[in-house]
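Data block below; observations after.
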Amino acid sequence: MSSNALKESPKTNAKVADLITPNWRQHAKSIQKYGTVVKDLPIGLDASARQEIVGRLNLLLADTITLRDLYKKSHWQVGGPTFYQLHLLFDKHAGEQSELVDELAERIQMLGGVSIAMAHDVAANTRIERVPIDREEVPVQISRLLDAHHLILKDARDLAEKADDLGDVGTNDLIASSVVRTNEMQVWFVSEHLVEMPLVFAR
Ligand SMILES: [Fe+2]
């Protein structure tokens, strides 16, 4: 029983159950170390295969969280004649990346692993180059986004094959159907903004 579950009655000095004070300020040892997987799960995948896939998924998760945040930064800091469309497009992509983040993190937990979650752990694990805190021009913003997509797509294709080799068809499906397709679609929409195209007079 926690320390504030019993309180002294002011009238009788007897210890009485306190039913309304929340039992907060609780601390205990963690229940699972990062980098480990649950030994035995009834999902037909052995621990060594799950261990390998979880390690790869956590890196992809860190990169995906970073790309989502890069889209939000771009959404807030974009400027110029294409402000309105890019402001909306960047936010749409941030939302879609956020859904991927949730799917990847939950896949890691399903496989008995521990998913990366917090910003400091994301920063320590992402392979995407650190972006300056300053505001940048639109072509630079877009180039950074495309570099991040490129890194993620190359890694995702490799991970999909690895998952297939290990019999993890669930991860293979998640990567191919969600991660690869979403990132490819976003690359198309974003990269067209770096194509020189006459607005009024044809060349
Ligand atoms: Fe917004």
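Would you call GLU161 closer than 22 Å to GLU106 by Cα, open to solvent by 40 Å² or more (accessible area, probe 1.4 Å) and in a helix (DSSP H, G or I)? The answer is yes for GLU161. When residues in the stretch 164-203 are screened for being in contact with a helix residue (DSSP H, G or I) (Cβ under 7 Å, 6 or more places away or on another chain), not acidic (Asp, Glu) and not in a helix (DSSP H, G or I), 2 of them pass.
Of the set (1) in contact (Cβ under 8 Å) with a residue 40 or more places away in the chain; (2) away from the ligand (no atom under 16 Å from the Cβ); (3) more than 15 Å from ASP63 (Cβ to Cβ), all apply to ALA156 but (3). Determine if the stretch 15-31 includes at least one residue that is touching a helix residue (DSSP H, G or I) at 6+ places or on another chain (Cβ under 6 Å), modelled with pLDDT of 95 or more and either of a type in the set (Lys, Arg) or within 16 Å of the ligand (Cβ to nearest atom) (or both). Scanning the stretch 15-31 turns up no residue that is touching a helix residue (DSSP H, G or I) at 6+ places or on another chain (Cβ under 6 Å), modelled with pLDDT of 95 or more and either of a type in the set (Lys, Arg) or within 16 Å of the ligand (Cβ to nearest atom) (or both). Within the stretch 59-101, if we keep just the residues that are within 14 Å of the ligand (Cβ to nearest atom), in contact with a Leu (Cβ under 8 Å, 6 or more places away or on another chain) and among the hydroxyl-bearing types (Ser, Thr, Tyr), the residue that is farthest from SER178 (Cα to Cα) turns out to be SER74.
Restricting SER74, SER98, SER143 to residues that are among the hydroxyl-bearing types (Ser, Thr, Tyr) and within 11 Å of the chain's Cα centre (by Cα) narrows the list to SER98. Scanning the stretch 134-141 for any residue that is assigned to a helix (DSSP H, G or I) and open to solvent by less than 50 Å² (accessible area, probe 1.4 Å) turns up at least one such residue.
The values are calculated or read from the model by the stated rules, or taken from the named source; none is laboratory data. What you see is a predicted model; the values in this text were computed from it and never measured. Using ideal geometry, Cβ is built from the backbone for each residue, glycine included, and neighbour counts are taken over all protein chains shown. Accessible surface areas use protein heavy atoms only, side chains included; no ligands, DNA or RNA. Shrake-Rupley method; radii C 1.70, N 1.55, O 1.52, S 1.80 Å.
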